[in-house]
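Visitor: My questions all concern the structure below.
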């Protein structure tokens, strides 16, 4: 079971990493459009629509990835003081009552929107000759499906935690810098840092 959970975590991670490249594309598109608009006096009517679609795609397709890393925002004021079993019980109730119905509705409604958009060959009407909208709307049910699968994984993790009293492991990814490990790698001690700080504080200002 743990191998299956970690495999789905890996899939969500791969999808999140793949769509994270939209950040690069979005940055380049915005930079080019600003340059084209103000330096070349040649704005593109479709650029604004494209930016919205790229950002929306990135936002939606990162949902399962963020959930797999337990990175979604939560009210931690009391939750952090709970035991793992109480945390799992709270999460399980919230997943069943709110998460699953909400994501199922998202995927179902998204499928309907996408199907209708493909049927009428929908294009953006924000600007004249706007780009096609149906690829963007297709992202909604796809993102919902990935999020739903990852949500089922999280529910299973809650059940495991209720039985074992501790949270099962997750797929590792980018983490914050481990300061102690970094000190060990560069062979720097707290005493060395203190001496450098003292030397800087006592250094005479340049004249």
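Visitor: Determine which member of the set 119, 47, 107 is closer than 21 Å to residue 132 by Cα and out of contact with any helix residue (DSSP H, G or I) (no Cβ under 6 Å at 6 or more places or on another chain).
Guide: 119
Visitor: Among the residues that make up the stretch 29-42, is at least one of them assigned to a helix (DSSP H, G or I), under 30 Å from residue 127 (Cα atoms) and touching a residue at least 24 places away in the same chain (Cβ under 8 Å)?
Guide: yes
Visitor: Take residue 22 and decide whether it is surrounded by 13 or more Cβ atoms within 10 Å (Cβ to Cβ) and free of Cβ contacts under 8 Å to residues at least 40 places away in the same chain.
Guide: yes
Visitor: Among the residues of the stretch 149-197, write down those that are under 29 Å from the mean Cα position of the chain (by Cα), part of a helix (DSSP H, G or I) and at pLDDT below 75.
Guide: 179, 180, 181, 182, listed by residue number.
Visitor: OK, next. Does residue 111 count as at pLDDT 90 or above, over 18 Å from residue 71 (Cβ atoms) and either loosely packed, with under 11 Cβ neighbours inside 10 Å or touching a strand residue (DSSP E or B) at 6+ places or on another chain (Cβ under 9 Å) (or both)?
Guide: No.
Visitor: Which one is modelled with the highest pLDDT, of the residues in the stretch 43-82 that are part of a loop (DSSP other than H, G, I, E, B) and surrounded by 14 or more Cβ atoms within 10 Å (Cβ to Cβ)?
Guide: Ranking the qualifying residues of the stretch 43-82, first place goes to 62.
Visitor: So residue 85 fits all but one of (1) surrounded by fewer than 12 Cβ atoms within 10 Å (Cβ to Cβ); (2) assigned to a helix (DSSP H, G or I); what number is the exception?
Guide: Unmet for residue 85, out of (1) surrounded by fewer than 12 Cβ atoms within 10 Å (Cβ to Cβ); (2) assigned to a helix (DSSP H, G or I): (1).
Visitor: Does residue 71 satisfy being farther than 30 Å from residue 128 by Cβ and touching a residue at least 12 places away in the same chain (Cβ under 8 Å)?
Guide: Taking the combined requirement at face value, the residue does not satisfy it.
Visitor: Quick check: is even one residue across the stretch 132-139 over 25 Å from the mean Cα position of the chain (by Cα), part of a helix (DSSP H, G or I) and without any contact (Cβ under 8 Å) to a residue 24 or more places away in the chain?
Guide: Checked the stretch 132-139: no residue is over 25 Å from the mean Cα position of the chain (by Cα), part of a helix (DSSP H, G or I) and without any contact (Cβ under 8 Å) to a residue 24 or more places away in the chain.
The values are calculated or read from the model by the stated rules, or taken from the named source; none is laboratory data. Source: prediction; values computed, not measured. Backbone-built Cβ (ideal geometry, glycine too); neighbour counts: all protein chains shown.
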